[in-house]
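First the structure, in the form of structure tokens, and then the observations on it.
The values are calculated or read from the model by the stated rules, or taken from the named source; none is laboratory data. Fair warning: this is a prediction, and the values are worked out from it, not measured in the lab. Methodologically, a virtual Cβ is constructed for each residue, glycine included, from the backbone with ideal geometry; neighbour enumeration extends over all protein chains shown. Each accessible area value is taken on the protein alone, full model and side chains, heavy atoms only, with ligands, DNA and RNA left out. Shrake-Rupley method; radii C 1.70, N 1.55, O 1.52, S 1.80 Å.
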Amino acid sequence: MEIIFITSIAIIAYIYIGYPLLLMVFSTLLAHPVKKPAKDIYPMVSVIVSAYNEEKNIEAKVVNLLELDYPRDKMEIIVGSDGSTDETYRIIKKLAEENKIRYAVSFQRIGKPAMINKMVKDARGEIFVFADARQKFDRGAVKELVRCFVDAEVGAVSGELIIQDKDTGAGCGVGLYWEYEKLLRKMESSMGSMLGATGAIYAIRKDLFRYLPKNVILDDVFTPMNAIMSNKRAIFEPAARAYDVVSETTGKEFARKVRTLVGNFQIFGLFPEAFHPFKSPIAFQLFSHKFLRLFVFYLLVLTLVSNIFILNRGPIFVLALFLQVIFYGIAFFGYLLEKSGTRLGGALRVFFIPYEFCALNLAAVVALRLHLSGGMRVTWEK
């Protein structure tokens, strides 16, 4: 049991501490800066937005895109309504008539991948920029994305999603988690390629885009992975910003996380060669960052259970159990606070962090079960 305890802790420590430290070293020693032009460039771009029941957001999104700091004659905006049952299609049609944007429509729900395929079929841009309906772009976002493509080694670029906290429990936990994820992406990108992109804002060269399988869940991972496996870099550009807010509850973030992790399992099956250390430029990152992370929940359980059986081995094991009990106690307290609708400010918001950590790792268990039982529908339900 002692071996199980030590091994479990060691793997968890590697995932959250060891791997980031290795990335710090590698990203310094193997730094591979992107070659950017001294002046801004303006290749033809196609900004592609797939929307489903986004009547509350779609007009603001189109207005936001029209106000970007990018020549209008060098940017086509294509918005698609995927079987929307609200006013989304009518709003898009009206905006298209008034602003000379292009639109596509499916009156039946076909899913985001099929909708994207429909829109890119006749897209004229050298660069495809993908966006979601809800998030707002910074004025210079597209300009910053395309600057990276001057480097011939770059095939895909992800922008940075800035989470604007709503001062909720989920806002505290998810905000910190997202900052940690972005740090990993920046370091991975600086030494080669990141793993996946930010769905709210990312771009790819037209000649590297591959039509999406109709059942693929994570287009923002599938598309950059195609660029990487074509021996191009997928890089992170923090100057290209989009803005969003977190869901109001951890439960909503939990549902999003489950979907993302089911998508990760799917990606592993679609790109098995990405794990091959002699064929893939991201095998180390993929194993350490994405694959091992899926098993943290089981490692936490093993750590707790094995610790109970070795309490008589010395005071250090008693202390270890005590710290675990405190951690999970705080997590449960965070759960109760959120259920009660209590809002905490300042340093007290750290009570939500253990809860968020536990919830997001539990999501991996649910995701594995769903994946093994046949996956989940590609159509996103709000």
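Note on segment 18-56: residues that are free of Cβ contacts under 8 Å to residues at least 24 places away in the same chain and of a type in the set (Ser, Thr, Tyr) amount to 1.
Can Ala227 be described as crowded, with 19+ Cβ neighbours inside 10 Å, assigned to a strand (DSSP E or B) and modelled with pLDDT of 95 or more? Criteria not met by Ala227.
Residues in segment 48-84 that are surrounded by fewer than 16 Cβ atoms within 10 Å (Cβ to Cβ) and of a type in the set (Gly, Ala, Ser): Ala60 only. For residues that are within 20 Å of Ile127 (Cβ to Cβ) and among the basic types (Lys, Arg), scanning just segment 186-209, find the one that is most open to solvent (accessible area, probe 1.4 Å). Taking the candidates together, the pick is Lys206.
Glu98 passes all but one of (1) modelled with pLDDT of 90 or more; (2) closer than 24 Å to Arg139 by Cα; (3) of a type outside the set (S, T, N, Q); which number fails? The failed condition is (1). The helices (runs of 4 or more DSSP H) found entirely in segment 273-382 that carry 3 or more residues being open to solvent by less than 30 Å² (accessible area, probe 1.4 Å), touching a residue at least 40 places away in the same chain (Cβ under 8 Å) and closer than 26 Å to Glu179 by Cβ are 296-309, 352-372.
I'd like the residue in segment 89-102 that is without any contact (Cβ under 8 Å) to a residue 40 or more places away in the chain and touching a Phe, Trp or Tyr at 6+ places or on another chain (Cβ under 7 Å) and, out of all such residues, is surrounded by the fewest Cβ atoms within 10 Å (Cβ to Cβ). Give the derivation first.
Narrowing segment 89-102 to residues without any contact (Cβ under 8 Å) to a residue 40 or more places away in the chain: 89-91, 93-102.
Pick out the ones that are also touching a Phe, Trp or Tyr at 6+ places or on another chain (Cβ under 7 Å) and you get 93, 96.
Values: Lys93: 14, Ala96: 16.
Here the residue is Lys93.
Residues in segment 1-47 that are within 30 Å of Phe291 (Cα to Cα) and open to solvent by less than 50 Å² (accessible area, probe 1.4 Å): Phe5, Ser8, Ile12, Ala13, Ile15, Gly18, Tyr19, Pro20, Leu23, Ser27, Val34.
Does Gly125 meet the test of being surrounded by 21 or more Cβ atoms within 10 Å (Cβ to Cβ), within 20 Å of the chain's Cα centre (by Cα), modelled with pLDDT of 95 or more and among the small types (Gly, Ala, Ser)? Considered against the rule, which asks whether it is surrounded by 21 or more Cβ atoms within 10 Å (Cβ to Cβ), within 20 Å of the chain's Cα centre (by Cα), modelled with pLDDT of 95 or more and among the small types (Gly, Ala, Ser), Gly125 comes out as no. The residues of segment 108-122 that are closer than 16 Å to Asn215 by Cβ, aliphatic (A, V, I, L, M) and open to solvent by less than 50 Å² (accessible area, probe 1.4 Å), listed by number, are Ala114, Met115, Ile116.
Do you know which of the residues in segment 35-55 that are of a type in the set (Val, Ile, Thr) and modelled with pLDDT of 95 or more is farthest from Leu176 (Cα to Cα)? Before the answer, list the steps.
To start, the set of residues in segment 35-55 that are of a type in the set (Val, Ile, Thr) comprises 41, 45, 47-49.
Applying the additional criterion that residues be modelled with pLDDT of 95 or more yields 45, 47-49.
Working: Val45: 33, Val47: 30, Ile48: 29, Val49: 28 Å.
Going through the qualifying residues, I end up with Val45.
For Ala239, the conditions (1) crowded, with 20+ Cβ neighbours inside 10 Å; (2) of a type outside the set (Lys, Arg); (3) touching an Asp or Glu at 6+ places or on another chain (Cβ under 6 Å) all hold with the exception of (1). Scanning segment 197-212 for residues being over 11 Å from Ala156 (Cα atoms), modelled with pLDDT under 95 and either touching a Gly at 6+ places or on another chain (Cβ under 8 Å) or of a type in the set (A, V, I, L, M, F, W, C) (or both) gives a total of 2. For Glu76, are the conditions met, namely being free of Cβ contacts under 8 Å to residues at least 60 places away in the same chain and under 26 Å from the mean Cα position of the chain (by Cα)? It is true that Glu76 is free of Cβ contacts under 8 Å to residues at least 60 places away in the same chain and under 26 Å from the mean Cα position of the chain (by Cα). Filtered by the rule that a residue be under 20 Å from the mean Cα position of the chain (by Cα) and outside any helix (DSSP H, G or I), segment 136-157 gives Lys136, Phe137, Asp138, Val154, Gly155, Ala156, Val157.
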